[in-house]
């Protein structure tokens, strides 16, 4: 077992997708590591919650989904969240697994739900390096 503590921050804008991402992330972590979960309304809120908790955890997993609509909102939210997560990780030297899906439609998102497990695995692998 790894002694590090992980915070999973999950955007619940698309509950069907986010719950499955969380389920897969937690299934991977369950026997390996201590974790807690905080739910936020959308992907845009994930970085601020990680930032508020940066000193209390050893690593983080960001989970959620942004689906492209008819406006440029998709691009703004996706880029802002990704950039903020990367900056937090580098600045604080803590792993943040990015399991935020950026998809063109819901069907595409439902095919990428393993991203939850992949984000968990990425954080654990960084701990082992």
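Miscellaneous remarks
- Percent RCO, i.e. relative contact order, over the chain, from Cα pairs under 8 Å lying at least 6 residues apart: 32 percent
- Full extension of the chain between residue 51 and residue 112 yields a length gain of 19.3 nm, computed as 0.36 nm times the residue separation minus the alpha carbon distance.
- For the chain, the longest principal axis of the alpha carbon atoms and the long axis of helix 15-29 meet at an angle near 20°.
- Sorting the Cα pairs of region 30-111 by distance into bins of 10 Å, from 0 upward, gives 16, 48, 28, 7, 0 percent per bin.
- Here the residues 54, 61, 10, ranked from fewest to most Cβ neighbours within 10 Å of their Cβ, fall in the order 54, 10, 61.
- Relative to one another, the C-alpha centroids of region 75-129 and region 1-70 are positioned 9 Å apart.
FYI, it's all coordinate maths here, none of it is from the lab. Keep in mind the model is a prediction, meaning the values are calculated, not measured. Note: ideal-geometry Cβ built from the backbone for every residue, glycine included; neighbour counts use all protein chains shown.
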